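Asks: Have a look at this one before I ask anything.
Read-outs: derived from the displayed coordinates by stated rules, not from any lab. Since the structure is predicted, the reported quantities are computational estimates derived from the model, not experimental observations. We place every Cβ from the backbone using ideal geometry, glycine too, and count neighbours over all the protein chains shown.
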């Protein structure tokens, strides 16, 4: 067996992701061709069912650069919410990067239940020591070089909350996949938005435009920090405090203190 096969496969996947990004970025009319005419839901990969943003694996090198610019140590700035969290990579990397004294909670919401369950099960059933990571032959090898995990999976799991539901149903109860006891009060999108200090989005422009009023309110009225991967938020220029097209991430806030 070719020992470099896994590395080549990983490189091919990364190249494909970059090509997909460039295809949409350079040809925005493709969005109109592939999206449904009507949509009530925002965050999954099934165009036919009315979802307008497919699951897109997060580029870890860009995520690493973004996290270096974020401060979770200020009072009241200790909770990250990922809108459309998919497989939970962003939340897991953030939790493994920042100690519990800084990032106390990481919340994720998505419509793709299998992805949420896979993230949960990986923390429950698969022990992941540093030695295990060294033996891996998959794409995860390159992730460890970008952001050094410094916390155990038990610590990560204790701070991670995953919810299944529709982001457009602000007051509809979400289903808890991982997090507080089932006997606790059911969370809603409005509750999670209120409890968070930082909001992460990695969505196609059409989905971002639908979320623009919610995100603008979060910045202006609730003084939250919005982190957008790859695409800028149109009309939010006055709140851009870090990032840009060259860095492929954008950080928005009404304060220079992130």
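Asks: If we keep just the residues of region 70-83 that are in contact (Cβ under 8 Å) with a residue 40 or more places away in the chain and surrounded by fewer than 24 Cβ atoms within 10 Å (Cβ to Cβ), which is farthest from residue 256 (Cα to Cα)?
Replies: Only one residue fits best here, namely 79.
Conditions tested, residue by residue: (1) touching a strand residue (DSSP E or B) at 6+ places or on another chain (Cβ under 6 Å); (2) more than 20 Å from residue 117 (Cα to Cα); (3) in contact (Cβ under 8 Å) with a residue 24 or more places away in the chain.
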| position | (1), (2), (3) |
| --- | --- |
| 159 | yes, no, yes |
| 163 | yes, no, yes |
| 171 | no, yes, no |
| 185 | no, yes, no |
| 194 | no, yes, yes |
| 198 | yes, yes, yes |
| 203 | no, yes, yes |
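Asks: Take the residues of region 150-159 that are touching a helix residue (DSSP H, G or I) at 6+ places or on another chain (Cβ under 6 Å) and assigned to a helix (DSSP H, G or I): which is nearest to residue 212 (Cα to Cα)?
Replies: Among residues in region 150-159 that are touching a helix residue (DSSP H, G or I) at 6+ places or on another chain (Cβ under 6 Å) and assigned to a helix (DSSP H, G or I), the one nearest to residue 212 (Cα to Cα) is 159.
Asks: Can you go through 115, 66 and tell me which one is part of a helix (DSSP H, G or I) and out of contact with any strand residue (DSSP E or B) (no Cβ under 7 Å at 6 or more places or on another chain)?
Replies: Selected residue: 115, the only one of 115, 66 that is part of a helix (DSSP H, G or I) and out of contact with any strand residue (DSSP E or B) (no Cβ under 7 Å at 6 or more places or on another chain).
Asks: Follow-up. Quick one: is residue 249 touching a helix residue (DSSP H, G or I) at 6+ places or on another chain (Cβ under 6 Å) and buried (at least 16 other Cβ atoms within 10 Å of the Cβ)?
Replies: Taking the combined requirement at face value, the residue satisfies it.
Asks: Now a separate question. Looking at 162, 167, 193, 208, can you tell me which residue is buried (at least 18 other Cβ atoms within 10 Å of the Cβ), within 19 Å of the chain's Cα centre (by Cα) and in a loop (DSSP other than H, G, I, E, B)?
Replies: Criteria check complete, one pass: 167.
Asks: Is one or more of the residues making up region 228-237 in a helix (DSSP H, G or I) and farther than 15 Å from residue 80 by Cβ?
Replies: Yes, there is a match, as at least one residue in region 228-237 is in a helix (DSSP H, G or I) and farther than 15 Å from residue 80 by Cβ.
Asks: Please specify each residue of region 234-250 satisfying the condition of being in contact with a strand residue (DSSP E or B) (Cβ under 8 Å, 6 or more places away or on another chain) and in contact (Cβ under 8 Å) with a residue 40 or more places away in the chain.
Replies: 242, 243, 248, 249, listed by residue number.
Asks: While we're here: Looking only at region 85-110, count how many residues are surrounded by fewer than 23 Cβ atoms within 10 Å (Cβ to Cβ) and in contact with a strand residue (DSSP E or B) (Cβ under 7 Å, 6 or more places away or on another chain).
Replies: Final tally of qualifying residues: 2.
Asks: Across region 212-233, what is the total count of residues that are touching a strand residue (DSSP E or B) at 6+ places or on another chain (Cβ under 7 Å) and surrounded by fewer than 19 Cβ atoms within 10 Å (Cβ to Cβ)?
Replies: Final tally of qualifying residues: 1.
Asks: While we're on this one: Being out of contact with any helix residue (DSSP H, G or I) (no Cβ under 7 Å at 6 or more places or on another chain) and assigned to a helix (DSSP H, G or I) is the filter; apply it to region 211-227 and report the residue that is farthest from residue 83 (Cα to Cα).
Replies: 220
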